[in-house]
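Undergrad: Following this message is one structure expressed as structure tokens.
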Amino acid sequence: MLTNIPNLRSDAGLASALRVSLARLTRRLRRQAAHHSLTPTQLATLSAVERHTAMTPSELAEHEKVQPPSMTRVVAKLEERGLLTRSPHPTDRRQVTVSVTPQGATLLKEERRAKEAWLAQRLKELTPEERATLRAAAPILEKLSKM
């Protein structure tokens, strides 16, 4: 367990341990993806649009920290696969908004279900005390993710 690692006593050591552990967990979760062949960027884009209902490609690019031309290509691929749809912007006729299609929403639901099933199984392998520690840490990790 991480608490036995001496360098966790410093903030720098904790930062290092968290970075490594979270990166490893993220890779493991990515491998649990439903079989849809989306790239991580495409999946993140689809998820962002779902969370924010409808967004312009420029808003998406800013949200996902990518250049607008890159986002335009990602949106085009997702639209081509029937996962996103474009609509005229409600107030600016020069722009469009993108929204998740029912097929896109279904794909996201399957993706989440596969990852959560894998993670739920891993959690069952932990002790009750370890699960309690993770429950206490979850809001803190969420806070860190929004800073």
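Values quoted throughout were computed directly from the atomic coordinates according to the rules given, and no laboratory measurement underlies them. Since this is a predicted model, take the numbers as computed values, not measurements. All Cβ positions, glycine included, derive from the backbone under ideal geometry; neighbour counts span all protein chains shown.
Undergrad: Assigning unit charges at the beta carbon (Lys, Arg +1; Asp, Glu -1) and nothing else, what dipole magnitude in debye, to the nearest 20, does the chain show about its Cα centre? Please report the intermediate quantities before stating the final value.
TA: Numbers: 25 positive and 15 negative charges, 61 e Å.
Value, rounded to 20: 300 debye.
Undergrad: Can you compute the FRET efficiency between A120 and A17 using 1/(1 + (r/R0)^6), with r the Cβ-Cβ distance and R0 = 22 Å? Round to the nearest 0.05.
TA: For R0 = 22 Å, the calculated efficiency reads 0.40.
Undergrad: Hey, which lysines would be in cross-link range of K143, C-alpha to C-alpha under 22 Å, not counting anything within fewer than 8 residues on its own chain?
TA: Output for K143: K65, K115.
Undergrad: For segment 81-141 and segment 28-55, what is the centre-to-centre distance using only Cα atoms, to the nearest Å?
TA: 7
Undergrad: Can I ask one more? Could you list the residues of segment 26-62 with an amide nitrogen less than 13 Å from a label point located 7 Å from the Cα of R73 in the Cα-to-C-beta direction?
TA: So the set is 41-42.
Undergrad: If amide hydrogens are placed 1.01 Å from N in the peptide plane, which non-local residues have theirs closer than 5 Å to the one on T97?
TA: HN-HN under 5 Å from T97: S87, H89.
Undergrad: Measure nothing but the geometry: give the 0 to 90° angle between the long axis through the Cα atoms of 102-124 and the longest principal axis through the Cα atoms of the chain, rounded to 10°.
TA: It works out to around 0 degrees.
Undergrad: Once you put a point 7 Å from the Cα of R30 and another 7 Å from the Cα of E64, both along the Cβ direction, what distance in nm separates them?
TA: Rounded to a tenth, the inter-label distance reads 1.5 nm.
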